[in-house]
């Protein structure tokens with residue numbers, strides 16, 4: 001294998017943040033002798049990619065396989081990309097500094113629609129043909145995975161295969177199948193046919209894409225499954241948290257130890273794709289969580305540990321976990337942190353336990369909508385009384401900062417709902433003041449962050465239209481007028497970025513032409529405000545004869561085919577439709593981990609069960 | 001914090017690929033090494049307790065160091081050789097600790113004490129031999145002053161203050177090597193590559209600084 005370091009090193013003196021490219025961090029794994037080589041690419045910069053837990057899990061997992069080395073790859077920032085092209089240096093892995101194109105497998109995470117152009121940037125810098133159809137037997141096998149796979153069609157043609165669902169077991173199966181196929185001297189087409197028989201693996205080239213009436217279906221003569229069903233692990237207990245993940249030198253986002261204490265969330269918020277596609281809920285036991293957190297702190301030397309999940313304070317034994325962990329780290333300066341909290345006194349109590357008298361950095365809550373009516377529509381089972389009582393408890397306990405997340409443009413939203421966000425912010429501010437001693441009221445900070453609703457695949461709102469941009473801006477103006485002028489910091493998402501995200505999230509295969517055109521016109525790092533060009537995207541849609549507005553804002557007919565109908569997250573279409581009906585009727589649906597099965601179909605379709613460490617919740 | 005603490009002075013290198021780290025990255029990495037080594041470190045008092053640790057003068061991104069230092073306060077005495085062994089086990093190669101010893105609380109801080117820095121600067125290029133580079137250095141030194149742009153504003157360095165002794169130039173494969181000592185203080189730090197680059201520019205030689213290594217740090221008056 002080629003070592004590119006001698007040609008990479010001279011470039012580093014003239015680029016920003018060279019530590020992005022140097023490797024040699026604590027925990028980086030070097031297995032030069034392994035014959036089968038995997039490059040794991042996160043399609044953004046080092047500092048974003050190193051925060052990704054899935055990448056850390058798959059890196060650790062693949063490097064335990066006999067004869068396999070997995071190495072990290074990130075997209076070089078614009079300055080380094082230009083320097084590499086000028087010096088004719090191809091994209092390299094960090095650990096061996098070998099060309100990505102010399103690897104056997106290139107795994108690419110699909111974290112967010114706006115990273116799609118970076119996938120092409122990485123393939124091009126690697127010298128790998130952009131489209132699967134253009135690759136030949138000697139080319140690296142390009143496999144995608146991650147959150148965006150539940151509508152893979154916009155990027156399907158760039159991938160040889162895409163893993164739908166969880167990777168812990170599946171990556172081993174994929175590597176095994178590929179190694180056997182290579183050993184048998186199979187052609188690329190035969191390799192792909194074989195991979196399509198691995199559960200959860202979608203091979204786009206074996207399917208005819210969806211038309212308006214007919215869902216995507218396997219090509220004649222192919223043995224690929226009619227529906228690719230999501231891969232899940234039965235229990236997290238079979239996969240301990242990686243004890244020694246790579247410890248970055250650079251200041252990356254989420255620079256801390258982290259333990260995924262549970263996976264999945266069945267609160268059933270109807271806009272939330274994560275809540276639908278990561279089912280069912282599977283908790284780790286308190287023993288596992290404490291063991292994994294302490295092992296990771298010992299091995300990494302991190303000063304913070306975060307207990308991550310979609311709803312951490314829903315863990316059935318979270319109180320025990322926090323008591324044990326805070327006792328274990330007392331006096332070491334190590335801090336525990338929790339992501340967004342449940343809106344109730346219990347959530348605040350858990351935050352108090354986590355901070356154990358130390359730093360109170362700020363609490364985050366997500367009421368999502370400004371009125372009870374709309375919260376019922378989206379199934380966010382939080383009342384105004386809950387929120388205000390929670391705020392009083394938090395400020396009474398010494399917190400001075402809270403952050404509230406809302407959405408604008410949810411189905412059925414009226415101007416009154418938008419003004420309701422402002423009214424709620426006023427009430428939160430008043431409640432915070434009441435609960436804070438007068439001398440300290442100057443320190444009160446209420447952050448209000450309002451994103452734009454983007455309908456996503458595999459949610460009850462997948463058939464809804466997104467608000468046109470002008471309407472988003474009109475509602476944002478109402479929002480601004482309704483907000484308290486002092487004491488509240490208001491942030492909202494950009495209408496153009498949200499519009500594009502919507503167009504990409506529910507598009508079909510033909511979008512690959514738009515993505516490629518944008519990349520050819522210089523589009524990379526679209527998720528970075530300073531790099532994003534809305535005009536470039538709109539020009540590309542026009543040039544390729546596609547209507548971005550129709551993709552984003554037009555409602556879909558529930559009887560028509562959707563581009564992702566051949567991909568199954570295990571959640572039944574009938575359940576999504578019934579939830580949609582309940583939404584329009586303002587009826588809420590309980591969480592099955594508290595109140596019994598609500599019939600989403602995941603446990604039956606995937607042959608799995610909810611796993612609760614305490615036996616029950618609530 | 002415990003009543004008695006032990007001030008352990010750790011000397012380490014910043015070499016190889018890790019010379020591309022920034023000072024902040026080196027400090028974070030070193031604190032993490034101390035935690036991984038399992039040393040009983042003292043924690044600062046106050047609202048946001050942190051490890052009690054203090055670093056010597058910063059090294060820029062790209063500059064290597066052969067004998068950099070930090071002080072970390074321990075709550076339990078550990079023989080220096082054991083502390084060094086634990087730290088070496090817990091630190092990436094490019095930042096490997098070389099020495100650990102206890103110093104008195106009465107000693108001044110590293111940044112206050114260590115004001116002289118010794119460097120080896122390698123210049124490479126088709127006509128960057130010692131004679132050419134020496135001529136350039138002499139031209140800059142003859143001015144007595146060097147004006148450099150710092151964040152868009154000119155900053156004037158009085159070379160008699162910032163260069164306590166005259167740089168020397170020697171042979172080096174593919175060019176030459178300059179050995180120089182700079183004085184750091186409240187009024188700033190003269191970056192060796194800026195000084196040498198100016199010298200190369202004066203001679204119009206086809207050459208450039210290819211590496212900078214800080215070989216040592218010392219207090220005034222020692223040689």
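Inside the stretch B:165-186, can you point out the residues that are more than 16 Å from residue B:140 (Cβ to Cβ), surrounded by fewer than 18 Cβ atoms within 10 Å (Cβ to Cβ) and more than 17 Å from the chain's Cα centre (by Cα)?
Once the filter is applied, which keeps residues that are more than 16 Å from residue B:140 (Cβ to Cβ), surrounded by fewer than 18 Cβ atoms within 10 Å (Cβ to Cβ) and more than 17 Å from the chain's Cα centre (by Cα), the stretch B:165-186 yields B:170, B:171, B:173, B:174.
Please state which one of A:356, A:361 is within 14 Å of chain B (Cβ to nearest Cβ), farther than 21 Å from residue A:275 by Cα and either buried (at least 20 other Cβ atoms within 10 Å of the Cβ) or within 29 Å of the chain's Cα centre (by Cα) (or both). It would help to see each step written out before you state the result.
On the way: A:356 fails: either buried (at least 20 other Cβ atoms within 10 Å of the Cβ) or within 29 Å of the chain's Cα centre (by Cα) (or both).
It is A:361.
Tell me which of these residue A:348 doesn't satisfy, since it passes every other one: (1) at pLDDT 90 or above; (2) part of a helix (DSSP H, G or I).
Going through the list (1) at pLDDT 90 or above; (2) part of a helix (DSSP H, G or I), residue A:348 breaks only (1).
Just wondering, is there one or more residues in the stretch A:260-282 that are under 30 Å from residue B:89 (Cβ atoms) and either modelled with pLDDT under 95 or within 14 Å of chain B (Cβ to nearest Cβ) (or both)?
No, the stretch A:260-282 has no match at all.
Scan the stretch B:175-191 for residues that are free of Cβ contacts under 8 Å to residues at least 60 places away in the same chain and part of a loop (DSSP other than H, G, I, E, B) and report the count. Talk me through it step by step, then tell me what you get.
We begin by selecting, within the stretch B:175-191, every residue free of Cβ contacts under 8 Å to residues at least 60 places away in the same chain; these are B:175-178, B:186-188, B:190.
Still in the running and part of a loop (DSSP other than H, G, I, E, B): B:186-187, B:190.
Looking only at that region, the number is 3.
So which of A:149, A:175 is touching a residue at least 24 places away in the same chain (Cβ under 8 Å), crowded, with 24+ Cβ neighbours inside 10 Å and assigned to a helix (DSSP H, G or I)?
Details: A:175 fails: crowded, with 24+ Cβ neighbours inside 10 Å.
From the options A:149, A:175, the qualifying one is A:149.
Which residue, of A:324, A:330, is within 14 Å of another protein chain (Cβ to nearest Cβ) and surrounded by fewer than 23 Cβ atoms within 10 Å (Cβ to Cβ)? Even if it seems obvious, please write down each step before you answer.
Working: A:324 fails: within 14 Å of another protein chain (Cβ to nearest Cβ).
Result of the check over A:324, A:330: A:330.
Among the residues of the stretch A:530-567, how many are free of Cβ contacts under 8 Å to residues at least 12 places away in the same chain and touching a helix residue (DSSP H, G or I) at 6+ places or on another chain (Cβ under 8 Å)?
Narrowing the stretch A:530-567 to residues free of Cβ contacts under 8 Å to residues at least 12 places away in the same chain: A:530, A:533, A:535, A:538, A:542, A:545, A:547, A:550, A:559.
Those left that are additionally touching a helix residue (DSSP H, G or I) at 6+ places or on another chain (Cβ under 8 Å): A:538, A:547.
So the count comes out to 2.
Per-residue answers, yes or no, for (1) assigned by TED's automatic domain parsing to the domain that holds residue A:314; (2) assigned to a loop (DSSP other than H, G, I, E, B):
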| position | (1), (2) |
| --- | --- |
| A:237 | no, no |
| A:241 | no, yes |
| A:244 | no, yes |
| A:251 | no, yes |
| A:266 | yes, yes |
| A:270 | yes, yes |
| A:274 | yes, no |
| A:279 | yes, yes |
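Any idea which of A:264, A:275, A:301, A:200 is touching a helix residue (DSSP H, G or I) at 6+ places or on another chain (Cβ under 7 Å) and either without any contact (Cβ under 8 Å) to a residue 40 or more places away in the chain or within 30 Å of residue A:589 (Cβ to Cβ) (or both)?
Details: A:264 fails: touching a helix residue (DSSP H, G or I) at 6+ places or on another chain (Cβ under 7 Å); A:275 fails: touching a helix residue (DSSP H, G or I) at 6+ places or on another chain (Cβ under 7 Å); A:301 fails: either without any contact (Cβ under 8 Å) to a residue 40 or more places away in the chain or within 30 Å of residue A:589 (Cβ to Cβ) (or both).
Every option except A:200 fails the conditions.
Does residue A:370 satisfy the criteria of being surrounded by fewer than 23 Cβ atoms within 10 Å (Cβ to Cβ) and either part of a strand (DSSP E or B) or not assigned by TED's automatic domain parsing to the domain that holds residue A:592 (or both)?
no
Can you tell me which residue among B:87, B:78, B:66 is within 19 Å of the chain's Cα centre (by Cα) and in contact (Cβ under 8 Å) with a residue 24 or more places away in the chain? Spell out how you get there, then give the answer.
Values: B:87 fails: within 19 Å of the chain's Cα centre (by Cα); B:78 fails: within 19 Å of the chain's Cα centre (by Cα).
It is B:66.
Going by the structure shown, is residue A:288 under 19 Å from residue A:56 (Cβ atoms), in a helix (DSSP H, G or I) and modelled with pLDDT of 95 or more?
Numbers: under 19 Å from residue A:56 (Cβ atoms): yes; in a helix (DSSP H, G or I): yes; modelled with pLDDT of 95 or more: yes.
Criteria met by residue A:288.
If you scan the stretch A:294-310, which residues turn out to be in a loop (DSSP other than H, G, I, E, B) and away from chain B (no Cβ under 14 Å)? Outline the logic, then answer.
We begin by selecting, within the stretch A:294-310, every residue in a loop (DSSP other than H, G, I, E, B); these are A:301-303, A:309-310.
Across the stretch A:294-310, the qualifying residues are A:309, A:310.
What number of residues within the stretch A:249-259 satisfy the criterion of being within 14 Å of another protein chain (Cβ to nearest Cβ) and surrounded by fewer than 24 Cβ atoms within 10 Å (Cβ to Cβ)? Give the steps one after another, and end with the answer.
We begin by selecting, within the stretch A:249-259, every residue within 14 Å of another protein chain (Cβ to nearest Cβ); these are A:249-252, A:255-257.
Next, only the ones that are surrounded by fewer than 24 Cβ atoms within 10 Å (Cβ to Cβ) stay: A:250-252, A:255-256.
Residues flagged as within 14 Å of another protein chain (Cβ to nearest Cβ) and surrounded by fewer than 24 Cβ atoms within 10 Å (Cβ to Cβ) within the stretch A:249-259 amount to 5.
Just to be sure I understand, how many residues within the stretch A:595-618 are assigned to a helix (DSSP H, G or I) and exposed (fewer than 15 other Cβ atoms within 10 Å of the Cβ)? Before you say what the answer is, go through the steps one by one.
From the stretch A:595-618, those assigned to a helix (DSSP H, G or I) are A:595, A:602-606; that's our starting set.
Filter once more, keeping what is exposed (fewer than 15 other Cβ atoms within 10 Å of the Cβ): A:595, A:604.
Result for the stretch A:595-618: 2.
Taking the conditions exactly as written (more than 12 Å from chain A (Cβ to nearest Cβ) and touching a strand residue (DSSP E or B) at 6+ places or on another chain (Cβ under 6 Å)), does residue B:108 satisfy them or not? Spell out the reasoning first.
Values: more than 12 Å from chain A (Cβ to nearest Cβ): yes; touching a strand residue (DSSP E or B) at 6+ places or on another chain (Cβ under 6 Å): no.
It is false that residue B:108 is more than 12 Å from chain A (Cβ to nearest Cβ) and touching a strand residue (DSSP E or B) at 6+ places or on another chain (Cβ under 6 Å).
Between A:474, A:506, which is crowded, with 23+ Cβ neighbours inside 10 Å and modelled with pLDDT of 95 or more? Step through it out loud before you land on a result.
Working: A:474 fails: crowded, with 23+ Cβ neighbours inside 10 Å.
Result: A:506 is the single residue among A:474, A:506 that is crowded, with 23+ Cβ neighbours inside 10 Å and modelled with pLDDT of 95 or more.
Of these, A:457, A:482, A:477, which one is in contact (Cβ under 8 Å) with a residue 60 or more places away in the chain and over 22 Å from residue A:154 (Cβ atoms)? Give the derivation first.
Numbers: A:457 fails: over 22 Å from residue A:154 (Cβ atoms); A:477 fails: in contact (Cβ under 8 Å) with a residue 60 or more places away in the chain.
Being in contact (Cβ under 8 Å) with a residue 60 or more places away in the chain and over 22 Å from residue A:154 (Cβ atoms) holds for just one of A:457, A:482, A:477, which is A:482.
Determine whether the stretch A:214-236 contains at least one residue that is surrounded by 23 or more Cβ atoms within 10 Å (Cβ to Cβ), touching a helix residue (DSSP H, G or I) at 6+ places or on another chain (Cβ under 7 Å), within 14 Å of chain B (Cβ to nearest Cβ) and more than 24 Å from residue A:138 (Cβ to Cβ).
No, every residue in the stretch A:214-236 fails to be surrounded by 23 or more Cβ atoms within 10 Å (Cβ to Cβ), touching a helix residue (DSSP H, G or I) at 6+ places or on another chain (Cβ under 7 Å), within 14 Å of chain B (Cβ to nearest Cβ) and more than 24 Å from residue A:138 (Cβ to Cβ).
State all residues of the stretch B:93-105 that are surrounded by fewer than 18 Cβ atoms within 10 Å (Cβ to Cβ), touching a helix residue (DSSP H, G or I) at 6+ places or on another chain (Cβ under 9 Å) and more than 13 Å from chain A (Cβ to nearest Cβ); if no residue qualifies, say none. Let's see the steps before the verdict.
To start, the set of residues in the stretch B:93-105 that are surrounded by fewer than 18 Cβ atoms within 10 Å (Cβ to Cβ) comprises B:93, B:96, B:98-99, B:101-105.
After this cut, where a residue has to be touching a helix residue (DSSP H, G or I) at 6+ places or on another chain (Cβ under 9 Å) as well, the list is B:93, B:96, B:98-99, B:101-102.
Matches in the stretch B:93-105: B:98, B:99, B:101, B:102.
Of the numbered conditions (1) farther than 30 Å from residue B:209 by Cβ; (2) surrounded by fewer than 17 Cβ atoms within 10 Å (Cβ to Cβ); (3) touching a helix residue (DSSP H, G or I) at 6+ places or on another chain (Cβ under 8 Å), residue B:15 fails exactly one; give the number of that condition.
All conditions are met except number (1).
The values are calculated or read from the model by the stated rules, or taken from the named source; none is laboratory data. Note that the structure is a prediction, hence the values are computed from the model and not measured. Note: ideal-geometry Cβ built from the backbone for every residue, glycine included; neighbour counts use all protein chains shown.
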